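The values are calculated or read from the model by the stated rules, or taken from the named source; none is laboratory data. In this text the structure is predicted, and so the values were computed from the model without any measurement. Every residue, glycine as well, gets a Cβ built from its backbone with ideal geometry; the counts of neighbours run over all protein chains shown. Protein only, heavy atoms only, side chains kept; ligands, DNA and RNA dropped before computing areas. Shrake-Rupley method; radii C 1.70, N 1.55, O 1.52, S 1.80 Å.
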Amino acid sequence: MGERITLSVIKADIGGYVGHSSVHPRLLETAERYLAESKLLIDYRVAHVGDDIDLIMTHKYGVDCPEIHHLAWNVFLQCTEVARELKLYGAGQDLLSDAFSGNVKGMGPGVAEMEFEERKSEPIIVFAADKTEPGAWNFPLYKMFADPFNTIGLVIDPKMHQGFRFEVYDLVKNERVEFSLPEELYDLLVFIGAPGRYCIKSVYSKTTGEIAAVSSTQRLNLMAGRYVGKDDPVCIVRCQSGLPAVGEALEPFANPHLVAGWMRGSHIGPLMPVGLDQAAPTRFDGPPRVVAMGFQLAGGRLVGPQDFFGDVAFDKARQTANEIANYLRSLGPFEPHRLPLEDMEYTTMPEVMAKLKNRFVKVGRQEDLEPATEELGAK
Ligand code: F6R
Ligand code: MG
Ligand code: MG
């Protein structure tokens with residue numbers, strides 16, 4: 001039997017280079033150096049997508065471990081110092097508090113963690129996205145674990161045929177609910193089709209009861225009650241032997257779906273799968289991007305990463321995403337490219353409204369109409 005391992009992916013935007021596009025190499029070096037000194041970890045990798053630093057860590061202390069969270073917090077503090085020295089953009093933006101309180105959840109950084117018994121062979125994928133929100137994983141997780149047109153294993157692998165259990169968070173009411181698929185597929189879709197509010201937090205195999213996937217669910221803008229940056233989520237998926245094959249986990253990204261985020265966190269755009277060397281958003285601060293890092297675990301050691309979306313097989317998806325991006329950009333400030341009023345992270349509406357408030361007049365009933373309009377009506 002394998003040993004119990006915890007995989008923790010903790011991420012934060014500590015300052016952009018240049019603007020909100022990428023992470024300066026010195027921040028990545030600082031994070032590497034700090035994690036290398038830690039005695040808590042079995043192994044680690046430092047990666048980035050866009051302006052977000054991802055700490056990928058393995059250890060034996062379970063999820064929500066205060067020491068591991070504190071370690072990540074301290075890495076981000078060290079990186080913040082470098083970011084301030086280089087005057088990087090938005091230095092320290094995701095550290096919402098000055099003092100660490102035992103768990104980074106609710107303090108700014110995003111977290112996806114799972115504890116499991118390492119199998120005879122343990123292939124996993126860490127997905128990380130920039131310029132979008134946690135609900136961006138709803139569509140691909142649904143495809144991977146519930147759609148037989150994506151995952152043929154659901155039909156022809158006896159270890160998958162029973163289906164999967166989905167845990168969904170309501171980010172507004174702070175509640176969780178579970179669905180058993182395939183029986184409750186239609187019920188699940190009522191919720192996860194609204195990814196701004198309902199997010200798939202985790203997925204479990206019904207055959208083994210084992211955890212199969214977990215996502216980060218923080219919505220910084222809601223937590224802070226004001227705009228503090230995009231959530232830019234991460235997601236871990238275990239693969240093979242009764243779970244989606246690596247290729248089934250990657251397949252949903254061949255058809256770039258639309259996600260909320262992009263420029264000023266206030267637009268809809270295609271989620272573009274990219275290699276690690278293309279993970280720096282440019283056009284209109286985007287389009288939103290996702291990378292996929294594959295690892296084999298060996299006693300908790302991270303063997304990898306394999307840069308899956310760097311492959312030519314995703315060239316067409318990038319081309320499609322660019323075509324969708326072109327079309328959406330042509331709509332400029334109009335919905336549905338620009339998000340509905342209540343979902344935008346930036347707005348000038350209160351100021352504009354205050355300025356114009358005396359110019360609004362009632363419409364509809366005759367006695368409410370302005371004299372000029374009445375005269376027109378009398379003709
Ligand atoms: C979106 C994002 C960027 C910024 C934009 C304006 O998540 O990070 O698109 O919103 O560059 O940034 P500020 O307001 O800092 O000038
Ligand atoms: Mg940023
Ligand atoms: Mg970001």
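List every residue pair whose Cβ atoms sit under 7 Å apart, with the two residues 6 or more apart in sequence or on different chains, where the first one lies in the range 60-72 and is more than 15 Å from SER38 (Cα to Cα) and touching a residue at least 24 places away in the same chain (Cβ under 8 Å) and the second, anywhere, is in a loop (DSSP other than H, G, I, E, B) and open to solvent by less than 60 Å² (accessible area, probe 1.4 Å). From residues that are more than 15 Å from SER38 (Cα to Cα) and touching a residue at least 24 places away in the same chain (Cβ under 8 Å), the pairs are ASP64/ASN103. With the requirement that a residue be away from ligand 2 (no atom under 16 Å from the Cβ) and of a type in the set (D, E, K, R), what does the range 44-74 give you? Listed by number, the residues that qualify are ARG45, LYS60, ASP64, GLU67. If the condition is being acidic (Asp, Glu), crowded, with 16+ Cβ neighbours inside 10 Å and away from ligand 2 (no atom under 16 Å from the Cβ), then the range 77-134 contributes GLU113, GLU115, GLU118, GLU122. For the range 18-27, a tally of residues being in contact (Cβ under 8 Å) with a residue 60 or more places away in the chain, surrounded by fewer than 19 Cβ atoms within 10 Å (Cβ to Cβ) and more than 22 Å from SER216 (Cα to Cα) returns 3. If you filter the range 248-264 down to residues that are within 16 Å of ligand 2 (Cβ to nearest atom) and in a helix (DSSP H, G or I), you find that the one that is surrounded by the fewest Cβ atoms within 10 Å (Cβ to Cβ) is ARG264. For the range 148-158, the candidate set comprises residues that are touching a residue at least 60 places away in the same chain (Cβ under 8 Å) and open to solvent by 10 Å² or more (accessible area, probe 1.4 Å); within that set, the residue that is farthest from the chain's Cα centre (by Cα) is ASP157.
Taking the conditions exactly as written (farther than 24 Å from ILE268 by Cβ and part of a strand (DSSP E or B)), does VAL177 satisfy them or not? Spelling it out, VAL177 is indeed farther than 24 Å from ILE268 by Cβ and part of a strand (DSSP E or B).
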